[in-house]
1. So, in the range 142-174, exactly how many residues are at pLDDT 95 or above, outside any helix (DSSP H, G or I) and over 21 Å from residue 303 (Cα atoms)?
2. Please verify whether residue 61 is surrounded by fewer than 19 Cβ atoms within 10 Å (Cβ to Cβ) and assigned to a loop (DSSP other than H, G, I, E, B), treating the condition exactly as stated.
3. Is it the case, given these coordinates, that residue 255 is surrounded by 15 or more Cβ atoms within 10 Å (Cβ to Cβ), under 13 Å from the mean Cα position of the chain (by Cα) and farther than 24 Å from residue 2 by Cα?
4. In the range 364-394, how many residues are touching a residue at least 60 places away in the same chain (Cβ under 8 Å) and in contact with a strand residue (DSSP E or B) (Cβ under 7 Å, 6 or more places away or on another chain)?
5. Would a scan of the range 94-102 turn up a residue that is under 20 Å from the mean Cα position of the chain (by Cα) and in contact (Cβ under 8 Å) with a residue 40 or more places away in the chain?
6. Quick one: which of 85, 3 is buried (at least 21 other Cβ atoms within 10 Å of the Cβ) and under 17 Å from residue 137 (Cα atoms)?
7. Give the residue, chosen from 187, 262, that is farther than 28 Å from residue 362 by Cβ and touching a helix residue (DSSP H, G or I) at 6+ places or on another chain (Cβ under 9 Å).
8. Applying the selection to the range 15-36, what residues are within 20 Å of residue 75 (Cα to Cα) and surrounded by 16 or more Cβ atoms within 10 Å (Cβ to Cβ)?
């Protein structure tokens, strides 16, 4: 399933509508938001202006106003609707107030300026939207690249995608894994942590945030209590801090903690998290093992496969509006559970000749899901699964 293409079509459709809402595109670094929007602008065929806050002078307090006035001038000259695209909007001080002021002025004066704003920090973006732009926007999450996209664009094999993940910018380095890992850690992980999180919100213990990220990546697709992490970190701080830092990592589309499936909302929130990276490259980049070593270790490779399945389910969940969980009871477990309204689907991941999963049978007895699926051995082939939209499982 080509999710970037799906996003492309959704953006096109919304822009071609009469001016209704500000369109907000957000997602992780290096997933192609800027390139995607440039392609959209050319495909729409309407006059447009594209500007990035990366080029803004920090002392320029009227940058947004001047940019908007240029769009208005173009609108008057052409007599056509103008598309105004502002990239890295979160870098503009008080950006949401400035955008609200100009948008409302256009609404009052019937100026046909269509606006798309892009940002790499969903945390900062969401703060601005809820504070100033309520009722004026629609948002579109731009996910990490899928297996289909990496295969089509760079010829990735299934095993390459499982270990190396879906960062298009790193594809040219995959023949040198040491260099590839260095790129992921320095150009993507360090930049996201230092710019998109530490510079955007208060973090009292940045070292703790980084260590939580590294441990969470190492345990991707595994259940681990935050209490146990405290022990590994030798951290005496409270669990609320760790939980908050995990939410920051999730807002940056790096790492999240899946909740345990339950019919009780309070039990969901009180459950141990199952760590899940948004992109398997993050797990592999912090791993001490090479791709060759991992492939020869059935246990390690099995975790990589399960994590890759998790990334596919997680990234699609934003566009398809389903919720992603895990489930366990004592030693019985269901790898993933997806829920859409009253429909629930249980998913088991198998990468080898594993024993019968009693967790699926117990889950079926307790919750009566709409469907039970095995992904991998004796089930839907991995390659077929990675090419499909998980919403088709409902």
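The values are calculated or read from the model by the stated rules, or taken from the named source; none is laboratory data. Quick caveat, the model's predicted, so the values are computed rather than measured. Cβ atoms come from the backbone with ideal geometry, glycine included; neighbour counts cover every protein chain shown.
1. Final tally of qualifying residues: 1.
2. Against the criterion (surrounded by fewer than 19 Cβ atoms within 10 Å (Cβ to Cβ) and assigned to a loop (DSSP other than H, G, I, E, B)), residue 61 qualifies.
3. No.
4. 7
5. no
6. Answer to the selection: 85.
7. Sole residue among the options that is farther than 28 Å from residue 362 by Cβ and touching a helix residue (DSSP H, G or I) at 6+ places or on another chain (Cβ under 9 Å): 187.
8. Within the range 15-36, 15, 19, 21, 22, 23 meet the criteria.
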